[in-house]
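Below is one structure; the comments refer to it alone.
The values are calculated or read from the model by the stated rules, or taken from the named source; none is laboratory data. The model shown is predicted, which means the values in this text are computed figures rather than measured ones. Ideal geometry is used to build each Cβ from the backbone, glycine not excepted, and the neighbour counts take in all protein chains shown.
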């Protein structure tokens, strides 16, 4: 089955029902990573995911991995780490540092899907107040974090990293705490992983995910910088 090839002159995507079953959710090829196309894609439940040397690949998997903020699961060991107040956690203070750390090759991995082109595109979204980061620091050292997009009352998670045990989990706990205060309804985790399942994420059908998009994308969220009101870990 051939995939639609997107040109650089418009932001029209094919119907998500035409996405492949294998590989799961692959929908289209090509296009660009301009802010307008990226936001249009996320609003449809579509995201880019590709490697250096490939054209841009667009995905809408079924099922979809999501985390409802009220269903976050915090293990006893993670609670003990939180109580230690060992780290300082902030938001939107070092987006470039977080995405650079996320782009570094992981153990047992040959490379990274966060290309130079992708980093530039998401930094632009951060400048526009759409993409956001959570930073976990030990003194001045960045030791964990995550980034993603906030649109309406939904957060579209992209990547997370740890340089110390459980620091990416600390970043997620802090993010969820803030999103609950701001009445966000769902965190999109894209595809399943044991790491995310341990934190309470679960799979839902693409159809159900689309219902969340329809209901909450145009609800008022927290636009602009998320630095305001952020304090050290409690």
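When you go through 11, 56 one by one, which is the residue that is over 21 Å from residue 208 (Cβ atoms) and touching a helix residue (DSSP H, G or I) at 6+ places or on another chain (Cβ under 6 Å)? It would help to see each step written out before you state the result.
Values: 56 fails: touching a helix residue (DSSP H, G or I) at 6+ places or on another chain (Cβ under 6 Å).
After applying the criteria, what remains is 11.
In the set 168, 139, which member is free of Cβ contacts under 8 Å to residues at least 60 places away in the same chain and in contact with a strand residue (DSSP E or B) (Cβ under 7 Å, 6 or more places away or on another chain)? Break it down into steps so the answer makes sense when it comes.
Details: 139 fails: in contact with a strand residue (DSSP E or B) (Cβ under 7 Å, 6 or more places away or on another chain).
Answer to the check: 168.
With respect to residue 196, is the statement that it is modelled with pLDDT of 95 or more and either surrounded by 21 or more Cβ atoms within 10 Å (Cβ to Cβ) or touching a strand residue (DSSP E or B) at 6+ places or on another chain (Cβ under 6 Å) (or both) true?
Considered against the rule, which asks whether it is modelled with pLDDT of 95 or more and either surrounded by 21 or more Cβ atoms within 10 Å (Cβ to Cβ) or touching a strand residue (DSSP E or B) at 6+ places or on another chain (Cβ under 6 Å) (or both), residue 196 comes out as no.
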